[in-house]
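Enquirer: Have a look at the structure that comes next, please.
Laboratory data are not the source of any read-out in this text; all were calculated from the coordinates shown. What you see is a predicted model; the values in this text were computed from it and never measured. FYI the Cβ positions are ideal-geometry reconstructions off the backbone, even for glycines, and counts take in every protein chain you see.
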Amino acid sequence: MSAAPGNSDRASLTSMFLGQDAARGGPFALLGLRPGELTDAQILGARDQRMREIDAHRLAETPEADEVRLSLYAATAQLLNPAIRRQLSESWGAPGDRAPAPEARPGLSPGSPEQLLEHDAILALAMFGGWNQRSLRHIASIAHARGLSSQDVARTLRRIGRQRRPRRVVGQTPIQRRTGTSPASPVAGAPRPATPVSLLEPLPEQIDPAQRLIKMALLVAGVAVVTLVVLFAGVYAVVSADRQRAEADRAAMADDTDTPRSENPGAQRLRPVAPSQATPRTLPAPEFLGDPALVTHELESARRGLELAPYESTRRFARVVGLLAESWVTYRPDELEAANSGVEVYLASIGSHDVARLALDAVGAGAVGLDDPARAIDPEDVGAAIWSAGMLAELRRNPVLDATRRQQIDRLRRGVAPGGRRDADFASGAVLGAYVIGERMVSAGADLSAWRRWVEAVDALGRGDESLRTDMLSSMLDALLAGEEPREGRAEVVRELSLAMSWRRHEGARRWLVLALNRESASRAMLAGLIENLVRESAAQGLDATMTLDPNATMRERHALAQRMAETWRLGRDDRAASAVQDLAEIAGSAERDRARPGDAISSFGAAVRLAYANAGASLARQERFEDAARALESAAAYRTQRSNRQAADPLGGVDDGRWALAYQAASDSPDARLSALDRLGKRMNDRLGPADAETLTMVALRGAPRQVRDRAQSVAARFIASPAMVNALLEQADDLPASAPVVQLVELATGRPLDRSSNDGSWRLDARRDLLRALTEILAREGEGGAIDLMASEIESAYALTLGQSESEDAPRAEGQLPEAARLIALRYLREARSLGGAPPGLGLSPGEIERKRRSRLALADSSMQRFLAEQISVCESLALLASAERGGVAGEVGSILETHTRELRSATSVLDQITATELAIARLWLVREGAGP
Amino acid sequence: MTGRAIASLLALLWCSTCPAQTDAGGGAISPERLGERLSALTPASPAMYLELGEELGAMGSAPDDLALARRLFVLALTTAIDADNRAIAGGACLALSQMAESDRERRWLAAMAREIDDRIRSDRPETTPEGDDPELEASLAITRVRAGEGRIARRTIESPEFRRALRVHTTDAWISRLEDEARRWPCPECRNDRFVPDPERPGAQRLCATCAGNPGPASTRGELLEHLRIEAALMGVEADSWAAQLAMGRDEPLRDADPREVAPYFSIDPKLTCWRDNRWVACPEAEVVP
């Protein structure tokens, strides 16, 4: 047991952590306050500021730092008591510097039991280091002694919470909102520690010794009162702590084991409790405890309690996490990082699976149920859901996460990150969550208050990244503007979101508005209202009263207004977009030259890969995803065809073929000798068997006797199953395969496809034969010259996935045959965009219906996955042609000429590979026209 | 009734509306009469090309007749498209599909006929091959030849259904080679036992010198892939990988079901629509449809 530090030690510790001024003596100096008129908020703010200073100190994790923290809590407790504060103020303040009587709370009569309880509650919370069982029990016992009910306690605590909770005020900056100040009240919640506490405060040598004695006596009396209270609470807590902890933990255990488990028990615990149901155990936590320093501190305290009372600790963790999820939007990035890492450290410290499950449920509580379209969106849920989405993403990428927790996280994320990446961090997980929740809010018609919470979260996520902020806001605006008939309340939401965009500093918002005007699907009435608001509030420089939109404006009038706005704002081409177009032009030119050169089909097909990446680059640059675009264009420029070098002279050949078969034949009289021959084969280093050995081994594996030999042969056959000769040997036996599980497994291993053996009519042998035929063809083809084609197809698939906005690390399905679907989705996207611009101008001879009709006709003729891809790829080309013509007036001629050339090239092509390259080239040419860099 | 039957019936129905399918008496058309009929053809009457093509096609299988019939169908198609006569154009396409030399060509032309005239129904078979059908038997027979089981394979190979099934997917020359191989196997030395007594070591065995322990014809990669391609085609197996499709010769270009594609495909100049002085020439402007 360590001795408590003496006064001089404490002063030296205080000086070390908070500077000499703080160690000068007295609670005011300790908290960096000037004696005199102070509000509770100022005192608590000062304490928080000091806490942050300690947390930032290099010795923040030491017991000494905790010692100073305790002093701060004690000083806060003293000053929160008005009587003690008055006395201390007189003791430490300048003559005449007297603190006024405490101000009465609105709605409470001075000296009423409720008001007294409020003060006592603040005192207790400060004394016991925050919201915990001890402070709660203490407050409840005081209330009980004064004849107040638990509902009164709940009301009091909510009142304290409301008083401290930062509210958004019109005109506040995000930082002002976060610190709880407003333009009208320049006094921050906490004074800067570096500022002298008070110029009026006397220096120690100026103080009269008698006066100092009186002051000391008063101080001692004040401290004695506080100490008594602390002692009382301490004794009470110590006596009952063990018993109650054991009870609580048992109760928690009973809750978790005796009652049926819900989908997310943690979520149930975190649901707000109605005042009438409130008990000290389930009371809503005071919101002021959601401040960053205290949350981090509480998380650490909860972690320390894990070993002693894991369930109790998890309950505490759940409460803190609930507060964090609710209040994270007000944190600075470093504070949020510290709190989030506190959550991770806590989860990493858990030893029991059951406790880990509960804790993880608490983290994901905000996300639960959001995949249910029937669930209403409560404004209070919005921030928590986004935090849960981010935190679950962060936790999910932990490489050492066990499978059970991974599944639990995936289940919890279902509602906020459907198909989300598995390597996303907090920020990208939260951004995705915000998108998903925003979309839910659009479809559910969430009210303005919910949207305000969503904007707060976007502000927090987009701090320092205006493009991200603009993207998120504009995406939701796009969704809200869709449809001609404005829905009730939607205009207000559109107003809120549009005014939250940065019209002055960032041109992204301006570009978005110009695009929205050109998009037919955007409601005229809502766009008109949005622009009117921008003009009225002078939000966007350059917009004047002549640039409003008539609610009945035609698309032509909208295009004209968009054009005017683009000119007013000088929305030229971004340099990065221009560079992407230039790269595309160079790659397209080089691909055309490559095609003209004589060469084999595989070399020529390299051009298709380069063009596919370049086209993905153009698409990404159009979406202003310049980094991704640059990566795609780099891939295009760097691509080189990789040829297979595994080709063997004999397609089924192996090393020393027949030698083992002969040895096995010689051993055929003795099972032991056969087993030993099989073992020798199993130990062979080369994994490629020739046909004589493979056919002998297959015969033994299918029909060898005794069973022991057959089993061993099956196991050795599995070892060599990748040899083409083994697959061929099975194929030769396919119509007469024994119907045993090991044989079926062997075939499945050879083909990589499951066999359905549910029917007893032997039709499974036909399936096996088909699968073996396919497998042998693919093995031989990959080993041959054409093997490079599969690698190229995979590259084209990556390029199409990029165009669709999937990253290469994403878990998007990459099975062969997905490429036609990817092309289909891209074509549909272009068609949608073209439709929103009013379709193709007359003269092009192409319409969405015509494109679809041709697509169906081509698909009906396609009889391979290459041809199916080509059919969809041609639709991409035609849809882009439609889009380019719809978007840029006057290019229909150029577009038509590109399509004619393409048709000629398709006709003269000698293989489907040529046709794919020709189509990719036509897409590149169309991109150049769309970007104003056409031939 | 299968789709193919419906399509044929439609073609037949159309043809029943023709004024004459054959010359009077239904016999072969004499060269003089043919010359007269050809000279009478004009782009203003696309039906005349189709009628004459049908007559020639129905008369026999002489290559010259078939080539002329094909040209007449192509001209019927192009002139009917110019005249916006979808019934004639669809009928011409359907007639061309019935003369197709490959399954792919037939499907392409039939799809185009449906594109042109939506009264023409799908000709796709409505059922998939059953397990005991000739195509499956043919596929198994090819595998058996590869495995050196020529004697068993011959039972199938010698049946007329085998050749019929195979002709859709390969050439007569290939089928003949397969028949030769079937006759050469099993291994004349070891009878497919893979091993024979070693004359130098009594009681011991050695690998068969003829088949090297691997009965069946030796194949290069290309030959083996061709076997597999035909076996897979007979069983309706489609490879997923592009490399496999390429290796199996499935890299043929995809043709649009567009009537403008037909004339270039058959290397016929669609502008030469009139028969004058025993050759095809461009018609005087007066005869061209405005």
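Enquirer: Once phi is turned into θ = phi - 60°, what whole-Hz ³J(HN,Hα) does the Karplus curve with 6.51, -1.76 and 1.60 give for every residue of the stretch A:463-479, x standing for Gly and Pro?
Expert: The phi angles translate into 4, x, 9, 5, 5, 4, 4, 4, 4, 5, 5, 5, 4, 5, 5, 4, 5 Hz.
Enquirer: Let me ask something additional. Provide a whole-number value for the mean count of partner chain Cβ atoms within 10 Å of the Cβ atoms in peptide A:784-793.
Expert: The mean count of partner-chain Cβ atoms within 10 Å per residue comes to 5.
Enquirer: Can I ask one more? Under a point-charge model restricted to the Cβ atoms of Lys and Arg (+1) and Asp and Glu (-1), what is the dipole moment magnitude of the stretch B:135-227 relative to its Cα centre, in debye to the nearest 20?
Expert: 100 debye
Enquirer: Once the Cα gyration tensor of the stretch B:145-290 is diagonalised, what are the square roots of 5 times its eigenvalues, in whole Å and ordered largest first, as equivalent ellipsoid semi-axes?
Expert: 53, 18, 13
Enquirer: If you don't mind, there's one more thing I want to ask. Residue-wise, which Karplus ³J(HN,Hα) couplings in Hz belong to the stretch A:922-933, taking 6.51 cos²θ - 1.76 cosθ + 1.60, θ = phi - 60°, and x for glycine or proline?
Expert: Each residue's phi maps through the Karplus curve to give 5, 4, 4, 4, 5, 4, 5, 5, 4, 8, x, 10 Hz.
Enquirer: Within 10 Å, count the other beta carbons around each residue, average over each peptide in A:19-31, B:252-264, and list them highest first.
Expert: Going from most to least packed, we get A:19-31, B:252-264.
Enquirer: For residue B:195, enumerate residues with amide H under 5 Å from its amide H, sequence gap 5+ or separate chain, H modeled in the peptide plane.
Expert: Residues meeting the criterion, in which the H sits 1.01 Å from N, are B:208.
Enquirer: Residues of A:725-737, mean number of Cβ from any other protein chain within 10 Å of their own Cβ, rounded to a whole number?
Expert: Across A:725-737, the average partner-chain Cβ count within 10 Å equals 2.
Enquirer: What whole-number distance in Å separates the alpha-carbon centres of the stretch A:582-624 and the stretch A:448-527?
Expert: 36 Å
Enquirer: Using a simple charge model, +1 on the beta-carbon of Lys and Arg, -1 on the beta-carbon of Asp and Glu, nothing else, what dipole does the stretch A:684-765 show about its Cα centre, in debye to the nearest 20?
Expert: 320 debye
Enquirer: Relative contact order for the stretch A:351-507 using alpha-carbon pairs under 8 Å, separation at least 6, rounded to a whole percent?
Expert: 23 percent
Enquirer: Right, next: Averaged across B:218-227, how many Cβ atoms of other chains sit within 10 Å of each residue's Cβ atom?
Expert: Mean shielding count: 4.
Enquirer: Something else now. Which far-off residues, 5 or more places away or on another chain, put their amide H under 5 Å from the one on residue B:147, with H placed in the peptide plane?
Expert: Under 5 Å from the amide H of residue B:147: no residue qualifies.
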